[in-house]
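I have placed the structure first, in the form of structure tokens, so that the comments after it can refer back to it.
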Amino acid sequence: MNEAALRNIGPMPVEISHDEFKARQQRLTSQLRPEDVLILCAAEESTHSNDVHYPFRTMSDMLYFVGWSEPEAIFVLRCVDGSWVSTLFVQPKDTLKEIWEGRRPGVEGALENWPIDEAHSKDDWTNLLSSYIEKSHRILLRTGVREDVDEFIREAIDRRDRSRQHFGTGPVSLEDPSSRISELRLRKSPAEIEQMRFASDVSSYAHVAAMRHSRPGRMEYQFQSTIEGFFVYAGTSGWAYPSIVGCGDNATVLHYKENNDVCEDGEIILIDAGAEFRGYAADITRSWPINGKFSDAQKEIYQLVLDAQYAAIDCCRVGQEYTAPHEAARKVLAEGLIELGIIEQTLEEALDPETGDLRKWYMHNTSHWIGLDVHDVGIYKPNGKPRLLEEGMCLTVEPGLYFGAWRPDVDCPKRYANLGIRIEDDVLVTSGEPDVLTSACPKTVEELESITGNAF
Ligand code: GLY
Ligand code: MN
Ligand code: MN
């Protein structure tokens with residue numbers, strides 16, 4: 001099964017080049033002043049239970065500028081005699097630790113194989129950072145990641161020492177560089193898009209494998225295993241976010257996570273699952289009948305959500321406001337629900353964000369940026385105005401309808417009781433048509449009915 005699915009996926013893309021990493025560093029430093037020092041920290045590892053850590057996944061900004069994924073790293077950019085120098089502090093080689101915890105590139109490996117100018121042991125960061133910031137003016141640091149680094153910088157800013165008195169130098173201000181960095185990360189390069197396309201392809205075929213293995217009586221976690229097993233089999237690092245596998249009324253819980261129920265005949269299964277490849281996420285949701293045949297009621301709602309999704313995808317074009325896909329999806333959904341008699345309001349009333357009935361059945365947004373984070377960085381409303389889409393931006397399009405009969409806050413229409421449908425794809429904005437990165441994942445009624453259960 002896995003081998004056959006793999007044949008549909010192209011070869012792994014080449015890794016992002018050092019030149020590109022250096023160009024990203026340069027794009028950032030071109031916004032800085034020579035007396036600035038930028039510091040990026042990897043978060044600390046966290047404990048799962050005694051002696052066991054959660055799998056470590058570093059900060060996306062560290063991946064973006066350096067591609068370095070080991071714990072305890074600190075990345076520094078500073079200007080020396082007019083040239084910007086990049087420095088990485090890393091875990092040094094340590095045979096005993098490596099025997100237990102795994103091999104480390106160490107200082108020499110970092111210098112040889114990563115896009116940096118200097119590398120040092122993490123044990124030297126305090127001394128060296130002191131000298132780097134001695135003549136600085138402003139420190140760019142996102143606080144709240146490494147407490148010891150935050151404290152070190154705050155003390156340096158507060159200190160009134162000789163150097164400051166004699167030379168008037170030393171850091172005086174702190175700025176969070178996140179918004180500058182998110183501006184860069186928001187527009188994806190061709191090499192990044194290749195990584196995302198691979199994550200999307202793998203995720204698409206993982207969903208197909210789950211569709212093919214559908215039949216009543218299977219457990220939700222068995223679908224999770226098929227999907228996540230394929231993520232790993234195909235060479236990704238696994239899930240980009242915990243998989244949501246909900247059948248029947250569980251599909252009406254947006255972030256359902258138990259994944260431990262039986263899938264009954266006649267139910268719809270909703271799977272929201274995506275792989276992470278070299279840090280880049282895919283985010284796909286598909287919903288299909290567990291027995292391979294939509295009932296009339298299921299088909300009415302499914303087709304409505306699909307029509308809303310098509311309308312929303314069509315808005316993912318240069319110059320459109322980022323809210324345009326959401327508005328398009330909401331309009332199609334509201335019109336459809338009025339036609340089906342589920343909403344007894346005018347279109348205008350139904351769409352009212354405060355009092356409209358659409359929000360009873362569609363309560364989330366249609367899109368978020370996607371990239372190194374599944375909910376990727378990027379300010380949605382810079383200067384208070386909705387951002388206009390540009391070439392290279394990637395966003396999800398994920399309308400849904402959720403009729404939870406268990407909810408005390410609504411009168412759920414009986415015909416659609418406990419039906420949850422979401423359809424989610426990842427879309428790249430291009431100079432032409434929207435490019436659906438996850439287009440290998442089938443979604444029409446006919447496709448889903450013909451694929452479902454065909455592994456048996
Ligand atoms: N998978 C989380 C989301 O769709 O936003
Ligand atoms: Mn999403
Ligand atoms: Mn999702």
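The values are calculated or read from the model by the stated rules, or taken from the named source; none is laboratory data. Being a predicted model, the structure only gives us computed values, none of them experimental. Cβ coordinates were reconstructed from backbone atoms using ideal geometry, including for glycine residues, and neighbour counts include every protein chain displayed. Each accessible area value is taken on the protein alone, full model and side chains, heavy atoms only, with ligands, DNA and RNA left out. Shrake-Rupley method; radii C 1.70, N 1.55, O 1.52, S 1.80 Å.
At full extension, His18 and Ser189 could sit 60.2 nm farther apart than now, given 0.36 nm per residue minus the alpha carbon distance. Stick to Cα atoms and the Kirkwood definition of Rh, then tell me Rg/Rh for segment 152-282. On the Cα set of segment 152-282, Rg over Rh gives 1.31. For the chain, the longest principal axis of the Cα atoms and the long axis of helix 324-339 meet at an angle of about 20 degrees. Whole Å is fine, so just give me how far the alpha carbon centre of segment 427-454 lies from that of segment 156-225. Taking the Cα centre of each part, segment 427-454 and segment 156-225 sit 25 Å apart.
Sort Trp68, Trp100 by heavy-atom solvent-accessible area, probe 1.4 angstrom, most to least.
Result of the area sort, largest leading: Trp100, Trp68.
Sorted into 5 angstrom bins from 0, the C-alpha pair distances of segment 378-422 split as 5, 17, 16, 13, 8, 9, 12, 15, 6 percent.
Given R0 = 35 Å, the distance between the Cβ atoms of Tyr241 and Asn2 translates into a calculated FRET efficiency of 0.95.
Stokes-Einstein diffusion for the chain at 37 °C, viscosity 0.692 mPa s, with a Kirkwood radius from C-alpha pairs, works out to 136 µm²/s.
Computed from the C-beta positions of Leu388 and Val85, the FRET efficiency with R₀ = 35 Å rounds to 0.45. Between Glu98 and Asp123, residue separation times 0.36 nm minus the direct Cα-Cα distance comes to 7.3 nm.
Full extension of the segment from His375 to Arg407, taken as 0.36 nm per residue of separation minus the current Cα-Cα distance, would add 8.8 nm.
Taking 25 Å as the limit for the C-alpha separation, the pairs Lys188/Lys385; Lys360/Lys414; Lys22/Lys385 exceed it in the case of Lys22/Lys385.
Where in segment 362-394 is the amide nitrogen less than 11 Å from a point lying 7 Å along the Cα-to-Cβ axis of Val318? Inside the label zone: 390-392. Rounded to the nearest 10 square angstrom, Arg159 shows an accessible area of 110 square angstrom against a 1.4 Å probe.
Computed per residue of the chain from DSSP H runs no shorter than four, each worth -39500 (n - 2.57), the mean residue ellipticity at 222 nm is -10500 deg cm²/dmol. The largest-to-smallest principal axis extents of the Cα set in segment 215-347 are 47, 40, 21 Å. Take the alpha carbon gyration tensor of segment 276-380, find the square roots of its eigenvalues, order them as a ≥ b ≥ c, and report rounded if a/c is under 1.5; if not, report prolate when a/b exceeds b/c, else oblate. Judged from the Cα gyration tensor, segment 276-380 comes out oblate (a/c at least 1.5, b/c at or above a/b). The listed peptides 272-283, 30-41, ordered by packing as a protection proxy, come out as 272-283, 30-41 (highest mean of other Cβ atoms within 10 Å first). The Cα atoms of segment 1-48 cover 57, 36, 13 Å along the three principal axes, with the biggest extent listed first. Backbone phi angles across segment 24-34, fed through the Karplus curve with coefficients 6.51, -1.76 and 1.60 (θ = phi - 60°), yield HN-Hα couplings of 5, 4, 5, 4, 6, 5, 5, 8, 9, 9, x Hz in residue order; Gly and Pro are listed as x. Between helix 190-212 and the chain there is an angle of about 40 degrees, using the helix long axis and the longest principal axis of the Cα atoms.
Over the Cα atoms of segment 341-415, what is the Rg over Rh ratio if Rh follows Kirkwood? If you can, show how the numbers build up before the last one.
Values: Rg = 16.2 Å, Rh = 15.0 Å.
Using Cα coordinates only, the ratio equals 1.08.
Note that segment 150-157 has calculated 3J(HN,Hα) couplings of 4, 5, 4, 6, 4, 4, 5, 6 Hz, one per residue in order, obtained from phi through the Karplus relation 6.51 cos²θ - 1.76 cosθ + 1.60 (θ = phi - 60°); glycine and proline are x.
Each residue of segment 87-103 was assigned a 3J(HN,Hα) from its phi angle through the Karplus expression (A = 6.51, B = -1.76, C = 1.60, θ = phi - 60°), giving 10, 10, 9, 9, 5, x, 4, 7, 4, 4, 5, 5, 4, 7, 10, x, 6 Hz with x at Gly and Pro.
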